[in-house]
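The values are calculated or read from the model by the stated rules, or taken from the named source; none is laboratory data. Note that the structure is predicted; figures quoted are calculated from it, not measured. Positions of Cβ are generated from backbone atoms using ideal geometry, with glycine treated the same way; all protein chains shown enter the neighbour counts.
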Amino acid sequence: MKESALINGECFDLKDAKISIFDRGFLFGDSIYEVFKTQNSIPLYFDAHWERFLESCRLISLDIPFDKDELFSSLKKIFKFSEIASKEDIYIRMIFTRGIGLDLDIASASDPGLIIFTKKLPSWNQQFYSRGIKLWLGDVLRNSTRSLSPSIKGGNYLNNILGLTDAKNHHCEDVLFYNHDGLVTECSNSNFFVIHDHQIITAPVRHGLLKGITRKVLLEEINIDSYEFVEAEIDNALLEKSREAFITSTTRGVMPVGSIRSGAFEKEYYVGSDSVVHVIQKLYEEQVELHLKEFSSLGLSE
C-alpha cells in the first residue's frame, strides 16, 4: 500500500498532503476524529464509529454536510488510491474540522473540512500481550466532565499527552487516569477493566471516559461463563483486590495489564494462558469474525 490522504474529496500521497495553518483544528483543536481498523478490507464496527462521530459533532455544534453513505464512498475512494490489497489490514483516521478561522466564535469559521488518511496498522509490542502492559496512576487527572464531555472524541489531546508523559517519566508504558473524585477512569487512548469476584468491571462513562467501541462490544456482545460485565466505580481498594486487569481499544483489541504503580502502591496482576483475560481475548476475536461475516458486503476493495 501507499500511505495516502483524502482532503475534502481530493486524494494525495501522504507526504504531499497539506492543510491551512489557519485551520481551527490546528489552531484550537476544534475538530473531532475517528479511527477505523480494517480487516479483509472491511472497516471494523463502522456503524458504531459513525454513531460516535455523530454524537461528537452534536456535542460541539458542528454540522455535517455528508451522510454515512457519502463517507463510505470517500473511504472507498482513498482505499483504491492507496492501492491496498483486500487482505491487508490498515489504519484509517478520519478528522472533521470546523474549518478556517482565527476567531474563537464558531460563527466566523469557514466551511468544515474532512480529512481521511491511511497508514499501516500500528504494531504493538508483543510483550504487552505476554507479560501485560505497565500502567502509572499519577497526579495528572482526567479532564472534568463538567468542563469537557468525555463523549467528544476531539482533536485536543493535551490532557492525554501530559498523562502519558508522566507515565513514561516513571518508567511505565501508559497512564491510568483518576478523575477529580479520585476514581479510576481510563488510559491515554484505551478503556480499562478489572476482574474481581466473577465481575468484569469498567468505569461508567459519567466518571470521565470515552465510549470506546471495543468496550461497547464487550459490554453488549460477549458472554463468558460465570462472569458478568458491569459498569461500576473503580477505586484503589478494587484495584488492590482484583486479580486481573486489561485495556481495550480499536487497534489494541484486548490487552492484559501486568502491573499498576502509583506513589502509594504497586500491584501485580495475573497474566497467563489460563487467565480470564485470555478467554476474553479469544471471545472478542471470535466476535470480530462473526461481525466480518455479517458485514462482508462492506468491503472497501473493489
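Note on segment 229-262: residues that are closer than 24 Å to Asp139 by Cα and not in a strand (DSSP E or B) amount to 11. When segment 72-98 is limited to residues that are among the β-branched types (Val, Ile, Thr) and not in a strand (DSSP E or B), the one that is farthest from Thr251 (Cα to Cα) turns out to be Ile78.
Test Leu290 against the criterion of being crowded, with 20+ Cβ neighbours inside 10 Å, within 19 Å of Phe46 (Cα to Cα) and over 20 Å from the mean Cα position of the chain (by Cα), and give yes or no. Taking the combined requirement at face value, the residue does not satisfy it.
Annotation: Ile152 fulfils all but one of (1) within 17 Å of the chain's Cα centre (by Cα); (2) surrounded by 20 or more Cβ atoms within 10 Å (Cβ to Cβ); the unmet one is (2). Looking only at segment 71-129, residues that are polar (S, T, N, Q) and more than 22 Å from Lys153 (Cα to Cα) come to 8 in all. Scanning segment 290-302 for residues that are touching a residue at least 40 places away in the same chain (Cβ under 8 Å) and either touching a Ser or Thr at 6+ places or on another chain (Cβ under 7 Å) or of a type outside the set (Phe, Trp, Tyr) (or both) yields His291, Leu292, Ser296, Leu298, Gly299, Leu300, Ser301, Glu302. Checked against the criterion of being loosely packed, with under 15 Cβ neighbours inside 10 Å, of a type in the set (Lys, Arg), within 18 Å of Pro122 (Cα to Cα) and in contact (Cβ under 8 Å) with a residue 40 or more places away in the chain, segment 67-82 has no qualifying residue.
Residues that are among the small types (Gly, Ala, Ser), in contact (Cβ under 8 Å) with a residue 12 or more places away in the chain and assigned by TED's automatic domain parsing to the domain that holds Val194 occur in segment 273-289; there is at least one. Apart from one condition, Gly272 fits all of (1) in a loop (DSSP other than H, G, I, E, B); (2) surrounded by 23 or more Cβ atoms within 10 Å (Cβ to Cβ); (3) of a type in the set (Gly, Ala, Ser); the exception is (2).
Out of Ser56, Ser61, Ser86, Ser31, one residue alone is surrounded by fewer than 14 Cβ atoms within 10 Å (Cβ to Cβ), under 23 Å from Lys211 (Cα atoms) and polar (S, T, N, Q). It is Ser61. Residues that are in contact (Cβ under 8 Å) with a residue 60 or more places away in the chain number at least 3 in the following strands (runs of 3 or more DSSP E) confined to segment 99-208: 113-120, 133-137. Just checking, does segment 22-42 include any residue being of a type outside the set (Ser, Thr, Tyr) and more than 24 Å from the chain's Cα centre (by Cα)? Yes, that holds for at least one residue. Based on this model, can you work out whether Val175 counts as under 13 Å from Glu231 (Cβ atoms) and either touching a Gly at 6+ places or on another chain (Cβ under 6 Å) or at pLDDT 95 or above (or both)? So Val175 fails the test.
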